[in-house]
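Working notes for the structure below.
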Protein chains: 2
Amino acid sequence: MITTTEQKEAQQRAAAMIRAAGLQISDDEIKKIEIVDFGLGNLAAEGVEVFTMVNTDRLAAKILVLFPNQTEPEHWHPKVGDDPGKQETVRHIWGDLRFYVDGPDTLAEGFIVPGKDDVYTLRHEIILSPGDQLTFEPYEKHWFQAGESGAVLYSFSTTVRDGLDGFTDPEIQRITVVKEQE
Amino acid sequence: MITTTEQKEAQQRAAAMIRAAGLQISDDEIKKIEIVDFGLGNLAAEGVEVFTMVNTDRLAAKILVLFPNQTEPEHWHPKVGDDPGKQETVRHIWGDLRFYVDGPDTLAEGFIVPGKDDVYTLRHEIILSPGDQLTFEPYEKHWFQAGESGAVLYSFSTTVRDGLDGFTDPEIQRITVVKEQE
């Protein structure tokens, strides 16, 4: 759960990072940035900020922002009905970005969110530079993390049904609850 | 037809515009920029420069460059086999950009390529500002043109089969022939 005040502050902060990365976002679009805490209530540690440019019934193009040292939890994109599952390509734009995928443990620059060893099972580290890309097929588990600068990246994918993603952490609720400030 | 020299010069010029627009393209990626003259042999007037970030069997994300006063000819994306046809969203990034779609004739800032009135049938002008987007459904005809600064834009779409696009101009061949310099 986040409050409307936290939501607005995070939207402004994410928009500033998007603009610092050289990309456009209009003032009207800032309020459309989705602030995702995965139901964990600790946005600074585990979360992602999502600016959706396009999301039709066939494809989606998004800009993702990670605040400094913020981690997007380990997840995968399952088959849904007739859909074979989300195929996603990420392209790094700006900042410090590490992805974790299946493979030998090479974790060095990044870190496991404290106390969460059991829900971050992948330890094969890929350090991305701006312009670097990775493609994930349906069911291919991954998680990612920003370094001290934070990070801005593209996500290009087939239709997005984030509410149906699978997560290793059973505590996660993908749809963030926003509570009016009291 | 273009020569390898024209191709290389156009790739460098397009990459410089992509970078000026604030986007990344690596030196290795510059040589992958597709220089398209539509078989018309007059790239400065009718053509487009295409940097493909992603093109899988399900989706494509591209950066398109138009040089100053360059025009992408009128075209549409047909149904192909079991595929319902390419759905495309463009998002303007940088420069002067006009789209022409079905509707009342409002052509004012742009121009019809000289001598080509019969193959540019759409005259409903939409002036885009950076961040503005348009979505085209399959078979929806469109053409677009840069002003004096040139233009850089995103194209997000379902799978691209450019070779199968339909064009109003019967002279057009979508696959550009590149000839070794003699």
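Summary of values
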{"quantity": "Shape of the stretch A:28-149, Cα gyration tensor, a/c cut at 1.5", "calculated": "rounded"}
{"quantity": "Total accessible area lost when A and B pair, probe 1.4 Å, Å² to nearest 100", "calculated": "2200"}
{"quantity": "Nonlocal amide H pairs with A:GLN173, under 5 Å, H built at 1.01 Å", "calculated": "A:GLY39, A:LEU40"}
{"quantity": "Estimated vicinal HN-Hα couplings, Hz - the stretch A:64-80 in sequence order (Karplus 6.51, -1.76, 1.60; Gly, Pro = x)", "calculated": "9, 10, 10, 6, x, 6, 7, 10, 8, x, 4, 7, 8, 10, x, 4, 9"}
{"quantity": "Residues whose placed amide H lies under 5 Å from that of A:TRP94, excluding near-sequence neighbours", "calculated": "A:VAL152"}
{"quantity": "Under 23 Å, Cα to Cα: Lys pairs in the stretch B:1-102, sequence gap 8 or more or different chains", "calculated": "8"}
{"quantity": "Other protein chain Cβ atoms within 10 Å, averaged over every residue that makes up A:147-159", "calculated": "2"}
{"quantity": "Per residue, in Å², the accessible surface of the stretch A:20-145 once ligands and nucleic acids are set aside, probe 1.4 Å", "calculated": "39"}
{"quantity": "Copy-to-copy label separations for A:PHE111, where each label sits 7 Å from Cα toward Cβ, in nm and ascending", "calculated": "6.1"}
{"quantity": "Closest approach to the axis - chain A beta-carbon, rotation onto B, Å", "calculated": "A:GLY22, 1"}
{"quantity": "Per-residue HN-Hα couplings for the stretch A:46-56 [Karplus 6.51, -1.76, 1.60; θ = phi - 60°; Hz; x = Gly/Pro]", "calculated": "10, x, 7, 10, 10, 9, 8, 7, 9, 8, 9"}
{"quantity": "Listing of the stretch B:78-105 residues, each with accessible area lower by at least 10 Å² in the full protein assembly than in the chain alone (probe 1.4 Å)", "calculated": "B:PRO84, B:GLN87, B:THR89, B:ARG91, B:ILE93"}
{"quantity": "Rounded to the nearest 20 debye, dipole of the stretch A:1-100 from Cβ charges on Lys, Arg, Asp, Glu", "calculated": "240"}
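The values are calculated or read from the model by the stated rules, or taken from the named source; none is laboratory data. Model, not experiment: these values are computed from the prediction. Reconstructed Cβ throughout: ideal geometry from the backbone, glycine too, with neighbour counts over all protein chains shown. Side chains are part of the model used for accessible areas, which takes the heavy atoms of the whole protein and leaves out ligands, DNA and RNA. Shrake-Rupley method; radii C 1.70, N 1.55, O 1.52, S 1.80 Å.
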